[in-house]
Structure formats: C-alpha cells, structure tokens
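Notes to accompany the following structure.
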Amino acid sequence: MRKKAGIALAFPAWAWLLFFFVIPVGYVVWFSFGYKPGIFGTHANDVLSFDRYVEVLTPTFFATFQNTLWIGILGTLACLAIGAPVAYWMAVKAPPSKRGLLVALVMVPFWTNFLVRTIGWQIILAPNGWVSGVMQTLGLGPLDILYTRQAVLLGVIYNYLPLMILPLFVAFDRVGPALREASKDLGAGRWSTFLRVTLPISRPGVLAGVLLVFIPLMGDYITATILGGAKGNMIGQMVATQFQTAQNWALGSAMAIMLILIVLLTTAVGLGLVWLVGVPMRLRNRVVLDPVPAPVTLAAPASPAGGAA
C-alpha cells in the first residue's frame, strides 16, 4: 500500500519530466537525423542520415565551442568566487532577522525580464554611455568593451550570479553555529574550521550552484547576441540562428544534441577532477580504528605435588 502511495505521489514529477523534457529532447533527436527539404521547408525525415552531424563538425563550430567553453568555465568560476563570500556572509555573519531581506534582494534581478537586464548592460557598456563618459572625464579614454567576449562574460556573471548565491546560502546555513563553535572549542582556527567543517558539509550546495550556473550558461544565446557580436559568438546563438533565421531545423537539432553531449562530457570531466582533488583530503581525514586486542586469559595455577587426593 505504501509503495502504491509513493508511486502516486511521484507521478506528477515523472509526468512533468516526461512531457517537458524527454519528449521534447526526443523530437530534437528525431529532427537531427532529417534534412531541410527546400527553401521554404524546415525539416523532413523521410530519409534518415548522420549528414547533419557531419555538417556540425566544422572548424567554425569548434571555434565557437572553444569560445563558449571559455565563457562558461570562467563565468562559473567567477560566479563561485563572488557568490561564495556573499552567501557565507548572509548565512553566518548577517543577523538572522535580516536574512530573509537579503535573500529577497538577491532575487530582485529575477523580477526583471532577462532580455531587459541584458539590454541594460548594453547601454552601460556602450562607447557613448555614462560609464565611458566618466572614464573619458578621468582621462582613461573611452570604454571599448562592448561586442567582445569580455562583455559577454560580464553579462553572464550578472545574470547567473543569483543562481550561485542561493544554493550556497542554503548549504552554509545548514552547517549551523553549533558545529563551528565545537570546531573552535577543539582548537581549530577560522580557516581550519571553514576548510574541514563548513566546506565538506556544504559541498552538495557548491556542486548544485556550479551546475545551476554552468549548464544554462552554456546554452545562453541572448547575452551573446546582445553583448558579444561576432567576437562573443556562442553555440546557443548558432542553434537559435538555425531555428529562427535559416529555418534549418535538422541542422539546428544536430547542433543542439552536440551541445548537450558537450555539456554532459564537460560536467563529467569536471566532477572527475573534483573527485581526484578531494582524494588526498579524504585520505587525510579518514579515521582508522585499531583492532580491539583479544582478551588475555590467565592460566589457572597448577596444583602442588602431593596435594589432597
């Protein structure tokens, strides 16, 4: 009875995953084996082949992939470097009565449309914008960063930073002051407490934040289109172009599948490297219990010779 109740409770989640992830991805895989039938057609699957994947494997695609991977890795690391101190301060140093307000302030950017926020950065980074005007007044010259990879990197850090702060805040808040105080009572300093108590316990939150930032960042095309131009091109932008402009759904689907495989491969490699780096720490912190020695049995004293019969 309990098993049936558990299946019934999990049914909405499985139905959501099926209809909004498995089936759409299945359609994309199916379209990737087709072709563009003509000028006005989008796709056809009467003849299946791997030709679209062959078209994807071009120097242009690999150059764009390198640029996307560069932005994705640096953007994720920058979000982690900025978000970790902010989340730690919110969870540990800030007064408990103000933490709800701080979380709300972190969520404020999501109250504005993603496209509007990115266009705002286009205005800020423009050569004739107010930032460039201030720099010219100070004698630093005009701001020449728009339509470059650096502008895209700045835009993705701003857009995805809240997705890093929130899981890190939850992870650091889970540690609680009792464990930190116990570590200090045992003689550990602040850094030792953070590295040997807080960080290991909050590791799932760190991994969740990294995945929440890296995966959607790799498929982002709005930031690259608005802030990057030709120098900040990303794979997501190429996929969107094939679907929206070229109307070649087959080639766009093949690019999307390659992007999914690349993201999965990069994530697996990253998790493997994290596991290898953590091996020395796990070995150092491993507790080895000595085997319990066998009880010593004392032999009974021998009876004196000529004793009573």
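Structure values in brief
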read-out	value
Qualifying positions in segment 105-114 - over 11 Å from Leu166 (Cβ atoms), in a helix (DSSP H, G or I) and either open to solvent by less than 90 Å² (accessible area, probe 1.4 Å) or in contact with a helix residue (DSSP H, G or I) (Cβ under 9 Å, 6 or more places away or on another chain) (or both)	Val108, Pro109, Phe114
Of the criteria (1) at pLDDT below 85; (2) of a type in the set (Lys, Arg); (3) surrounded by 15 or more Cβ atoms within 10 Å (Cβ to Cβ), which one Arg117 fails	(1)
Tabulated pairs, segment 137-151, first charged (D, E, K, R), second assigned to a loop (DSSP other than H, G, I, E, B) and surrounded by fewer than 18 Cβ atoms within 10 Å (Cβ to Cβ), C-beta under 9 angstrom, 6+ apart or interchain	Asp144/Pro127; Arg149/Lys231
Residues of segment 174-207 satisfying the condition of being part of a helix (DSSP H, G or I) and either open to solvent by less than 40 Å² (accessible area, probe 1.4 Å) or in contact with a Phe, Trp or Tyr (Cβ under 6 Å, 6 or more places away or on another chain) (or both)	Val175, Gly176, Arg180, Ser183, Thr193, Val197, Thr198, Gly205, Val206
Residue list for segment 118-148, restricted to those being among the polar types (S, T, N, Q), farther than 16 Å from Gly228 by Cβ and outside any loop (DSSP other than H, G, I, E, B)	Ser132, Gln136, Thr137
Verdict on Phe61 being aromatic (Phe, Trp, Tyr) and either in a helix (DSSP H, G or I) or touching a Lys or Arg at 6+ places or on another chain (Cβ under 8 Å) (or both)	yes
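The values are calculated or read from the model by the stated rules, or taken from the named source; none is laboratory data. The model shown is predicted, which means the values in this text are computed figures rather than measured ones. Cβ coordinates were reconstructed from backbone atoms using ideal geometry, including for glycine residues, and neighbour counts include every protein chain displayed. In case anyone asks, the SASA skips ligands and DNA or RNA and just uses the protein heavy atoms, side chains included. Shrake-Rupley method; radii C 1.70, N 1.55, O 1.52, S 1.80 Å.
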